[in-house]
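Please read the structure below before turning to the comments.
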Amino acid sequence: MTNPDPPGPDSSFVLLTSPANFACEVLQALIQKGCIPELIVLPEYPPAASERRGFTNLVSEAEPVRLLQLARNIELAYAPEARQAECAALIESRGIEYLLVACWPYLIGPCLVESVSRAALNLHPSLLPKYRGPNPLQQQMAAADPRFGTTLHRLDQRFDHGDIIAQASLPNLQGPQTRTVLEQYCARLGAELFVDAIGCFAQWKPVAQTP
């Protein structure tokens, strides 16, 4: 039996994301690199007005405009917290290799983590283990800590605690930066980390985070 071809930038992946600015910047950066998710999973349903695009079970009033524009040529699915198992079954049926998370609002259960064949990963805009949680850039700016960066880490059953696959700092930035600009820089860096990582899966050396 021959070994399967090594993964590369064309490896299949699903993106679990939200309309948050950092998430949109991640998706845009991935698209610009030609690294297109096979499936985008959202935690909330778009409005019924979008039914013409083939959406189903549309119940929400609020439309995540920018995200939907970026994802206009990509298949969408939905996974409210109570429907993680259904989404996991869909992903597993596709034989997708990687799950990538950017700005997901609730803890991802084992069924989703185990639905892909290689790894479930999260992009976090800080140099973990520093600044865990949902607002890392806001925390870091409040602390006047100038060393910004992005971490790609495995998912586990605690927020932002999984083993680190890759991590990089932003170059020194001149002058004060807004949160929006920092999110853009961190997202672009995160897209690079992910593309590089899936191109060398066999060489990964995960590093456990400190408590």
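Some notes on this structure:
- The helices (runs of 4 or more DSSP H) falling completely within region 83-174 that include 2 or more residues that are closer than 20 Å to Leu39 by Cα map to 84-94, 110-113.
- Some residue of region 110-119 being within 19 Å of Glu25 (Cβ to Cβ) and of a type outside the set (A, V, I, L, M): no
- Pairs with Cβ under 9 Å, 6+ apart, first in region 137-156 and free of Cβ contacts under 8 Å to residues at least 24 places away in the same chain, second hydroxyl-bearing (Ser, Thr, Tyr): Gln139/Ser126; Gln139/Tyr131; Gln140/Ser126; Gln140/Tyr131; Ala143/Tyr131; Asp145/Tyr131; Arg147/Ser169
- The set of residues from region 159-189 being of a type in the set (Gly, Ala, Ser) and out of contact with any strand residue (DSSP E or B) (no Cβ under 6 Å at 6 or more places or on another chain) comprises Gly175, Ala187.
- Any pair with Cβ under 8 angstrom, 6 or more apart, that starts in region 65-91 at a residue that is of a type in the set (Ser, Thr, Tyr) and ends at one that is crowded, with 20+ Cβ neighbours inside 10 Å and not in a helix (DSSP H, G or I): Tyr78/Val41; Tyr78/Leu42
- From the list Ala82, Ala143, Ala77, the lone residue that is of a type in the set (A, V, I, L, M), out of contact with any Phe, Trp or Tyr (no Cβ under 9 Å at 6 or more places or on another chain), over 20 Å from Phe13 (Cβ atoms) and surrounded by fewer than 20 Cβ atoms within 10 Å (Cβ to Cβ) is Ala82.
- Failed criterion for Glu25 (all others in (1) of a type in the set (D, E, K, R); (2) modelled with pLDDT of 50 or more; (3) exposed (fewer than 14 other Cβ atoms within 10 Å of the Cβ) hold): (3)
- When the test is whether a residue is among the charged types (D, E, K, R), assigned to a helix (DSSP H, G or I), in contact with a strand residue (DSSP E or B) (Cβ under 9 Å, 6 or more places away or on another chain) and closer than 18 Å to Asn122 by Cβ, Glu192 passes it.
The values are calculated or read from the model by the stated rules, or taken from the named source; none is laboratory data. Not measured: the values here are computed from a predicted model. Here Cβ is always computed from backbone atoms with ideal geometry, including for glycine, and neighbour counts include all displayed protein chains.
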